[in-house]
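In what follows, a structure is listed as structure tokens, so that the remarks can point back to it.
The values are calculated or read from the model by the stated rules, or taken from the named source; none is laboratory data. Just so we're clear, the structure is a prediction, and the values are computed from it rather than from any experiment. A quick note on method: Cβ atoms are made from the backbone with ideal geometry, for glycine too, and the neighbour counts reach across all protein chains shown. These accessible areas exclude ligands, DNA and RNA; they are computed on the full protein's heavy atoms, side chains included. Shrake-Rupley method; radii C 1.70, N 1.55, O 1.52, S 1.80 Å.
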Amino acid sequence: MRPLRPLLLSDREVLPLVEGGKGISISNGESSGAWAAAGGVGTFSGVNADSYDANGNLIPQIYHGRTRRERHLELIEFSVRGAVYQARVAHETSNGQGRIHMNVLWEMAAAETILHRTLETAKGLINGVTCGAGMPYRIAEICAKYGVHYYPIVSSARAFRALWKRAYHKFREWLGGVVYEDPWLAGGHNGLSNVEDPTKPERPFPRVLEMRRLMNDVGLAEVPIIMAGGGWVLREWEGWVANPHLGPVAFPFRAPPLLTPARPLSAAPKREPPPHRQQAGSPTHLPPAGLYFPA
């Protein structure tokens, strides 16, 4: 395995290992702070994140509004409070190391309002924002306003080209990286266009190479591409590390850290990869916890 060289992400040299954003309160301030403390990039979920009172008790999301608008405003308050809370926990846990990113869904309710208010309130605590689930044209403008780097999540060079031409070229200095989420290997937001057949998976390498060539053409040769979806262990990316054709590449990990002693779950999810992953050459066991989640 080739050695991993540090990359510049959100204005700091870090290991090219990124905590994959996981919603429903799984990626939180504790997990992302631990990733950052180990010299990588921690990513907490800013999608309706949990918050706690002064005694450490979870604040329940109970809605008192009588109208849909009133409850919508309450949802925004819960979301902002939770995101800021998790950002503070991550910042304190990181001990000033690594980088802290926030993951949001562009199509979630009141995404722009929540982003504005969170980044305003948590100034200095959040270094980058990853954003997918849609075509987040305005994420660049919002992040630039608060001096935070943005990391759009796309599934093809075609999608990034559209975002770049419409908005991102105006805020190129704040583009921290481009996250490629494979349409056939990702666990969630599978973005396919009308010209792609969901029943005929394409290999990720040619698709990422196409995106790198596009990025090179518009002066983004040094901007990292962050792989998302499909990676169980780092050795699966042997041909990607230090590949001169791909340029700087970073690797996120989502599911494996959840199965380590640092982030224990019930026994139910602790199973081998599904058969189609094993047939593709994936390992049938998980690696030591320390490789993925040095808490």
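Determine if segment 86-107 includes at least one residue that is touching a residue at least 12 places away in the same chain (Cβ under 8 Å), closer than 20 Å to L125 by Cβ, hydroxyl-bearing (S, T, Y) and part of a helix (DSSP H, G or I).
The answer is yes; a qualifying residue exists.
Determine, yes or no, whether A262 is open to solvent by 70 Å² or more (accessible area, probe 1.4 Å), part of a loop (DSSP other than H, G, I, E, B), more than 26 Å from W164 (Cα to Cα) and at pLDDT below 80.
no
Scan segment 172-188 for residues that are in a strand (DSSP E or B) and either modelled with pLDDT under 80 or among the hydrophobic types (A, V, I, L, M, F, W, C) (or both) and jot them down.
Within segment 172-188, L175, V178, V179 meet the criteria.
Select, from G134, G56, G82, the only residue that is part of a loop (DSSP other than H, G, I, E, B) and more than 17 Å from the chain's Cα centre (by Cα).
The unique qualifying residue is G56.
Which one is surrounded by the most Cβ atoms within 10 Å (Cβ to Cβ) among residues in segment 112-128 that are of a type in the set (A, V, I, L, M, F, W, C) and assigned to a loop (DSSP other than H, G, I, E, B)?
Among residues in segment 112-128 that are of a type in the set (A, V, I, L, M, F, W, C) and assigned to a loop (DSSP other than H, G, I, E, B), the one surrounded by the most Cβ atoms within 10 Å (Cβ to Cβ) is I126.
Which condition does I100 not pass, out of (1) surrounded by fewer than 15 Cβ atoms within 10 Å (Cβ to Cβ); (2) at negative phi, if it passes all the others?
All conditions are met except number (1).
Examine segment 235-252 for a residue that is under 22 Å from F44 (Cβ atoms) and modelled with pLDDT under 70, and state whether such a residue exists.
There is no residue in segment 235-252 that is under 22 Å from F44 (Cβ atoms) and modelled with pLDDT under 70.
Considering only residues that are open to solvent by less than 40 Å² (accessible area, probe 1.4 Å) and among the basic types (K, R), which ones fall in segment 172-228?
R207, R212
Quick test for you: out of A144, A133, A109, pick the one residue that is modelled with pLDDT of 90 or more and open to solvent by less than 60 Å² (accessible area, probe 1.4 Å).
Testing whether each residue is modelled with pLDDT of 90 or more and open to solvent by less than 60 Å² (accessible area, probe 1.4 Å) leaves just A144.
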